[in-house]
Amino acid sequence: MARATKARQPARQQGQPGLIVSHYGVAVLVRFDADGREEPVKVKRNSDHVVGDRVLVAGERVSSLERRNALRRRDPFGKVRTLAANLDVLGIVVAVRPETPPGLIEKAVVAARAAHMEPALIVNKCDLPGSEALVARLQADFPGIACICQVSAHRGDGVAELQQLLAERGRGAFVGVSGSGKSSLMNTLCPGIALETGELNEDDHGCHTTSVSTLIALPSGGELVDTPGFRDFSPVDVSSEEIALWYPGLMTILERQPCRFRNCRHRQEPGCAVKLAVESGDLAVQRYDLYLQTLTELEQVESAAVTRRKGLPPR
Ligand SMILES: Nc1nc2c(ncn2[C@@H]2O[C@H](COP(=O)(O)OP(=O)(O)O)[C@@H](O)[C@H]2O)c(=O)[nH]1
Ligand SMILES: [Mg+2]
Ligand SMILES: [Zn+2]
């Protein structure tokens with residue numbers, strides 16, 4: 001029956017334009033441009049549709065329109081998963097407790113810049129002692145980041161600033177280690193959504209069929225994407241060759257003074273502006289080491305991908 005109906009549909013059916021505002025794994029909720037009506041539409045479990053995608057819906061068929069950008073991550077099995085599309089701001093949420101592992105902010109900044117999203121550093125829990133020192137350290141370490149906000153989801157400090165940022169920029173998403181306060185911040189920004197906070201284990205989420213990702217319209221303007229399991233972070237769309245161009249600290253050096261070789265990876269190459277900056281103290285050794293670590297990780301991922309493509313057994 002269904003097939004017969006399908007066959008009768010005109011081949012060039014255009015479909016109705018809309019926006020994916022929620023994803024339930026096997027269905028998406030589409031908000032139609034024409035009248036703002038929201039309707040669920042079934043999709044295949046592994047279809048690449050994500051929240052933030054502009055789509056055309058024709059009957060049961062959902063086709064995504066071209067994306068401006070997408071936030072993607074590699075899961076623990078090496079598979080790349082798209083989390084959200086068409087974002088303007090990536091809010092990197094950190095706090096004095098739990099500590100953010102070294103290099104994670106850098107990776108998130110690289111991912112944001114490479115995808116043309118504005119990276120913003122959001123220092124949450126500024127009600128806790130030690131926050132001032134953390135902010136000072138981040139300001140010194142990330143002079144290239146225009147927006148470093150101090151907030152407290154509990155006390156409400158800085159929330160107005162964050163609201164203004166999102167209202168001005170448009171659509172944002174939060175990344176950061178589990179426990180940094182991403183859900184608490186969203187609850188503060190959008191009272192009434194009542195996201196679970198606290199001790200829940202984010203790792204569980206991805207495996208469950210109920211895993212939902214939603215676009216939340218903020219009363220103060222702008223939107224936030226709430227995606228479960230948004231913490232472990234490695235840039236996906238950046239190659240080992242170009243990572244330095246976006247890397248905090250290295251980016252400014254390379255803008256000022258390119259290396260002798262165009263494809264310099266800044267390890268041992270002669271005429272390397274980055275090595276020179278390390279030697280002269282312009283670039284902190286710790287920062288340089290974090291870069292090398294991320295570079296090596298990325299090279300390993302790339303060579304594993306080549307091995308898979310060639311069907312060779314992994315090394
Ligand atoms: N002191 C303090 N604790 C906070 C603040 N925001 C969140 N928390 C606490 O930090 C824990 C983790 O918060 P949650 O929002 O679940 O973090 P998520 O894992 O990043 O979503 C919870 O126990 C929150 O109550 C804050 O501004 N100040
Ligand atoms: Mg959470
Ligand atoms: Zn170099």
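Listed here are the residues, each with its yes/no results for (1) of a type outside the set (V, I, T); (2) free of Cβ contacts under 8 Å to residues at least 24 places away in the same chain; (3) assigned by TED's automatic domain parsing to the domain that holds I216; (4) open to solvent by 30 Å² or more (accessible area, probe 1.4 Å).
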site	(1), (2), (3), (4)
P17	yes, no, no, yes
R37	yes, yes, no, yes
V51	no, no, no, no
V55	no, no, no, no
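Which residues, counting only those in the range 114-140, are surrounded by fewer than 17 Cβ atoms within 10 Å (Cβ to Cβ) and either in a helix (DSSP H, G or I) or in contact with a Leu (Cβ under 8 Å, 6 or more places away or on another chain) (or both)? Break it down into steps so the answer makes sense when it comes.
Within the range 114-140, the subset surrounded by fewer than 17 Cβ atoms within 10 Å (Cβ to Cβ) is 116, 127-130, 132-133, 136-137, 139-140.
Correct list: E132, A133, A136, R137, Q139, A140.
Tell me whether the range 103-113 contains one or more residues that are within 18 Å of E223 (Cβ to Cβ) and aliphatic (A, V, I, L, M).
Within the range 103-113, one or more residues are within 18 Å of E223 (Cβ to Cβ) and aliphatic (A, V, I, L, M).
Which ones in the range 141-190 are within 15 Å of ligand 2 (Cβ to nearest atom), over 17 Å from T227 (Cα atoms) and open to solvent by less than 40 Å² (accessible area, probe 1.4 Å)?
A153
Of the residues P235, P248, only one is modelled with pLDDT under 85, more than 16 Å from ligand 2 (Cβ to nearest atom) and in contact with a helix residue (DSSP H, G or I) (Cβ under 7 Å, 6 or more places away or on another chain); which?
So the residue among P235, P248 that is modelled with pLDDT under 85, more than 16 Å from ligand 2 (Cβ to nearest atom) and in contact with a helix residue (DSSP H, G or I) (Cβ under 7 Å, 6 or more places away or on another chain) is P235.
Filter the range 179-203 for residues that are modelled with pLDDT under 90, near ligand 1 (Cβ under 9 Å from one of its atoms) and more than 14 Å from K125 (Cβ to Cβ) and give the result.
Answer for the range 179-203, where residues must be modelled with pLDDT under 90, near ligand 1 (Cβ under 9 Å from one of its atoms) and more than 14 Å from K125 (Cβ to Cβ): L195, E196, E199, L200, E202.
Condition check ((1) in contact (Cβ under 8 Å) with a residue 60 or more places away in the chain; (2) of a type in the set (S, T, N, Q); (3) assigned by TED's automatic domain parsing to the domain that holds E255) across all residues:
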| residue | (1), (2), (3) |
| --- | --- |
| S131 | no, yes, no |
| Q150 | no, yes, no |
| R169 | yes, no, no |
| M186 | no, no, no |
| A194 | no, no, no |
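May I ask you to verify whether L71 is closer than 18 Å to A120 by Cβ and either touching a residue at least 60 places away in the same chain (Cβ under 8 Å) or aliphatic (A, V, I, L, M) (or both)?
Here the answer is yes, as L71 does meet what is asked.
Tell me whether the range 81-88 contains one or more residues that are open to solvent by 20 Å² or more (accessible area, probe 1.4 Å), free of Cβ contacts under 8 Å to residues at least 24 places away in the same chain and under 16 Å from the mean Cα position of the chain (by Cα). Talk me through it step by step, then tell me what you get.
First, the residues of the range 81-88 that are open to solvent by 20 Å² or more (accessible area, probe 1.4 Å): 81-82, 88.
Restricting the remaining residues to those that are free of Cβ contacts under 8 Å to residues at least 24 places away in the same chain gives 81.
The next check asks that each one be under 16 Å from the mean Cα position of the chain (by Cα); those that pass are 81.
Yes - at least one qualifying residue is present in the range 81-88.
The values are calculated or read from the model by the stated rules, or taken from the named source; none is laboratory data. In this text, all values refer to a predicted model and were calculated from it rather than measured experimentally. When we count neighbours, we look across all protein chains shown, and the Cβ atoms used for this are built from the backbone with ideal geometry, even at glycine. Keep in mind that these areas ignore ligands, DNA and RNA; they rest on the heavy atoms of the full protein, side chains included. Shrake-Rupley method; radii C 1.70, N 1.55, O 1.52, S 1.80 Å.
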